[in-house]
Amino acid sequence: MPEPTDTAAPPEYKLYRTRPRLLDRGSRDGGALLDELRGKPPGTAPKRRKRITVGRVVKWLVVALAGWLLLSLVLFLISATLQQDAVPDSAKSALSGGGVGLTSPQTTLVLGSDRRSAGTREPGATVSGPSRSDSIMLLRFGGGHSAKLSIPRDTIVDIPGHGRDKINAAYAIGGPALTIRTIEQYLGIDIDHVFLVNFANFPALIDAMGGIDYTGGCVVSRINGGFKNGGFTLRLKRGTTRIDGRQALALARTRENLCNRREDDRTRARRQQKILSAMKSRVFSLHGFLRLPLISWNVPKSVQSDMGGPRLLAYAIGLAFNGNAPTRVLKPSGFERLPNGGDGLNVSDAERQAEVQRFLG
């Protein structure tokens, strides 16, 4: 009997191939497909990534710095444009309208009034109606010239159309316009620009800088009665101290220092000069550069000017590159009794003329 034969057919096998990955640059098919999608001719060598070099790092660093400066400039110009109308037209018309201090000297009047913000708890603080100028300073720079002159607020002068009174009363009677005319008549000089310090926003500017480093003697003062009476109490040790916006404002306003009761308005003017110098040093430091956009936005809000954005920017450049002269103060020669019974400071004609000559250079 014959042996049975195996008639069953062998099993069939199918061969499957994996599809090439689209981003597989290492495979021939994937690389060709990727090149085809990119529009490259077949066989093109893969593009190598650029190495990070010192030159490339410097290039991107320069671009980043330029962008940072451009952002700061735009914020400054926008903020200055929004604040331009804060200076009354009467004050603008009283100005001589000189340059901005880039090539030739010009004179600027800086005024800070004793008006406070509407939400203040300080008793006796003026929040509406007439207010007196709390600080009066003249700046002159341009063409390599730099000078500062502070006028004590209790100096007796002739206010045009209102007789003899303390110079700070001119602001209460006729605002910055009358103050400009009073100072021009008193000193015999032309005023080209005016800055009005906004005490409500001044602390925000200092805080935008991250505070400033103030160097000086011991200061203890109670502004408008101190903390217990809704005001502000300032305590600074002798030496260098980092102060914030509220402390800087209190320091600028301090007239009676409990650490040294012999101080007067001349000492106060020197402190204000130190604050301005500390602010300038802060802006031109690395820390200030990192905060430059925030500073640029707050400057026009804190110090309002008759100038618009572009002119104010040119003014700031001129101020930065024309030195930083110390502040001189008109020295009173004695006291004078006013018709209303009050007392003020009298400055001799010789003292006034000598200081004006130094100021004009």
Self-check item: Residues of segment 341-360 satisfying the condition of being over 28 Å from GLN106 (Cβ atoms) and of a type in the set (Asp, Glu)
Solution: ASP343
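With respect to VAL87, determine if the residue is within 20 Å of SER150 (Cα to Cα), in contact with a Leu (Cβ under 9 Å, 6 or more places away or on another chain), modelled with pLDDT of 70 or more and among the hydrophobic types (A, V, I, L, M, F, W, C). Walk me through it before giving the result.
Values: within 20 Å of SER150 (Cα to Cα): no; in contact with a Leu (Cβ under 9 Å, 6 or more places away or on another chain): yes; modelled with pLDDT of 70 or more: yes; among the hydrophobic types (A, V, I, L, M, F, W, C): yes.
It is false that VAL87 is within 20 Å of SER150 (Cα to Cα), in contact with a Leu (Cβ under 9 Å, 6 or more places away or on another chain), modelled with pLDDT of 70 or more and among the hydrophobic types (A, V, I, L, M, F, W, C).
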Quiz item: How about segment 206-240: which of its residues are open to solvent by 60 Å² or more (accessible area, probe 1.4 Å), touching a helix residue (DSSP H, G or I) at 6+ places or on another chain (Cβ under 9 Å) and either under 17 Å from LEU292 (Cα atoms) or part of a helix (DSSP H, G or I) (or both)?
Solution: ASP207
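Say whether the condition of being within 28 Å of ARG246 (Cβ to Cβ) and modelled with pLDDT of 90 or more is met by at least one residue in segment 123-134.
no
State all residues of segment 310-354 that are outside any loop (DSSP other than H, G, I, E, B), small (Gly, Ala, Ser) and surrounded by 12 or more Cβ atoms within 10 Å (Cβ to Cβ); if no residue qualifies, say none.
Our first condition is that a residue be outside any loop (DSSP other than H, G, I, E, B); within segment 310-354, this holds for 310-320, 327-329, 334-337, 343-346, 349-354.
Now restrict to residues that are small (Gly, Ala, Ser): 314, 316, 318, 320, 334, 344, 350, 354.
Result: ALA314, ALA316, GLY318, ALA320, GLY344, ALA354.
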Quiz item: Hey, does segment 287-300 have a residue that's aliphatic (A, V, I, L, M) and either more than 24 Å from the chain's Cα centre (by Cα) or closer than 18 Å to SER133 by Cβ (or both)?
Solution: no
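Quick grid of which residues meet (1) at pLDDT below 90; (2) crowded, with 20+ Cβ neighbours inside 10 Å; (3) in a loop (DSSP other than H, G, I, E, B); (4) within 25 Å of the chain's Cα centre (by Cα):
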| site | (1), (2), (3), (4) |
| --- | --- |
| ALA204 | no, no, no, yes |
| ARG242 | no, no, no, yes |
| GLU263 | yes, no, yes, no |
| LYS274 | yes, no, no, yes |
Quiz item: In segment 241-286, how many residues are closer than 17 Å to LYS331 by Cβ and among the aromatic types (Phe, Trp, Tyr)?
Solution: 0
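The values are calculated or read from the model by the stated rules, or taken from the named source; none is laboratory data. Being a predicted model, the structure only gives us computed values, none of them experimental. Note that each Cβ is placed from the backbone with ideal geometry, even for glycine, and that neighbours are counted across all protein chains shown. Just the protein is used for accessible areas: all its heavy atoms, side chains included, with ligands, DNA and RNA removed. Shrake-Rupley method; radii C 1.70, N 1.55, O 1.52, S 1.80 Å.
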